[in-house]
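Below you'll find the structure, written out as structure tokens, and then a few comments.
The values are calculated or read from the model by the stated rules, or taken from the named source; none is laboratory data. What you are looking at is a predicted structure, and each value in this text was computed from that prediction instead of being measured. As a convention, Cβ positions derive from the backbone with ideal geometry for all residues, glycine included, and neighbour counts pool all protein chains shown. Surface areas here come from the heavy atoms of the whole protein model, side chains and all, with no ligands, DNA or RNA. Shrake-Rupley method; radii C 1.70, N 1.55, O 1.52, S 1.80 Å.
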Amino acid sequence: MNRENNTYTIIYASIMVILVALLLAFTSQALRPRQSANEDIDKMKQILRSIHVDATNQEAQARYSELITDAFLIDPDGNKVEGDAFNVDLAAELAKPEAERRYPVFIARVDNSPKYIMAMRGAGLWGPIWGYISVDEDKNTVYGADFGHAGETPGLGAEIAYPSFSQRFIGKKFFNTDKHFVSIAIVKPGKTAPGQDYVDGISGGTITSQGVDQMLKTSIGAYEHFLTK
């Protein structure tokens with residue numbers, strides 16, 4: 001075949017594209033088990049941080065097995081249902097009709113006291129935000145929290161992922177004195193939220209802070225019946 005004509009160039013380019021695509025597909029499949037394991041480790045670390053346990057990658061699985069004594073799914077009425085709490089895709093659940101959704105609950109034992117850990121997911125300025133928040137035995141008082149994001153602005157909205165923000169929630173309550181769910185408000189520094197507990201949002205990260213505020217209302221609101229049982 002004449003290497004100088006267009007037919008040769010097209011055939012050669014097509015073969016190279018196919019070979020590269022096959023190589024990439026093989027590499028992706030080969031690495032998938034490791035990627036999945038790393039994702040599981042990262043989720044364990046997030047759950048553990050919500051109860052003030054900062055574990056390394058090497059420690060995460062052992063610490064998770066030690067401290068998390070139970071994990072299950074609940075329906076919108078707060079009843080336990082069948083399913084895998086750890087591997088549930090919360091984003092997929094939130095896309096379902098409300099009556100069909102399932103929410104994960106993790107129970108940790110800390111200093112001989114149960115802590116109930118709930119999952120959250122919402123929208124920030126540039127993409128999804130998520131987190132885990134734990135409450136004390138009263139199922140009302142926040143024990144700890146951990147937040148994550150896909151691409152919030154460094155130095156601004158991305159600050160939600162740091163302890164300086166998550167620690168603001170410790171001791172705050174989701175229910176008012178009349179035992180009505182009112183969530184925890186995120187307010188501009190110096191502002192208040194009459195009738196409910198609140199924390200200061202991120203300076204310069206208004207949209208992300210509003211996203212966290214809405215995430216708390218909707219995500220923890222979905223657990224209201226479980227928390228009041």
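Do we find that Ala25 is at pLDDT below 85, open to solvent by less than 70 Å² (accessible area, probe 1.4 Å) and more than 27 Å from Arg101 (Cβ to Cβ) in this structure? In short, yes. Among the listed residues Asn6, Asn87, identify the single one that is over 30 Å from Phe169 (Cβ atoms) and not β-branched (Val, Ile, Thr). That would be Asn6, the only listed residue that is over 30 Å from Phe169 (Cβ atoms) and not β-branched (Val, Ile, Thr).
Counting only helices (runs of 4 or more DSSP H) that fall entirely inside segment 137-229 and contain at least 1 residues that are hydroxyl-bearing (Ser, Thr, Tyr) and more than 25 Å from Asp54 (Cβ to Cβ), the qualifying elements are 206-215, 224-228.
Candidates are the residues of segment 165-183 that are at negative phi, over 18 Å from the mean Cα position of the chain (by Cα) and at pLDDT 95 or above; the one that is surrounded by the most Cβ atoms within 10 Å (Cβ to Cβ) is Phe174. Can you work out which of the residues in segment 96-136 that are open to solvent by 20 Å² or more (accessible area, probe 1.4 Å), of a type in the set (Lys, Arg) and in a strand (DSSP E or B) is farthest from Gln61 (Cα to Cα)? Looking at residues that are open to solvent by 20 Å² or more (accessible area, probe 1.4 Å), of a type in the set (Lys, Arg) and in a strand (DSSP E or B), I get Arg121.
Select from segment 11-66 the residues that are acidic (Asp, Glu), closer than 19 Å to Gly131 by Cα and outside any loop (DSSP other than H, G, I, E, B) and list them in ascending order. Walk me through it before giving the result.
From segment 11-66, those acidic (Asp, Glu) are 39-40, 42, 54, 59, 66; that's our starting set.
Next, only the ones that are closer than 19 Å to Gly131 by Cα stay: 39-40, 42, 54.
Hits for segment 11-66 are Glu39, Asp40, Asp42.
Of everything in segment 204-217 that is touching a residue at least 40 places away in the same chain (Cβ under 8 Å) and not aliphatic (A, V, I, L, M), the residue that is farthest from His149 (Cα to Cα) is Gly204. Of all the numbered requirements in (1) part of a loop (DSSP other than H, G, I, E, B); (2) β-branched (Val, Ile, Thr); (3) open to solvent by 40 Å² or more (accessible area, probe 1.4 Å), Thr69 misses one, and that requirement is (1).
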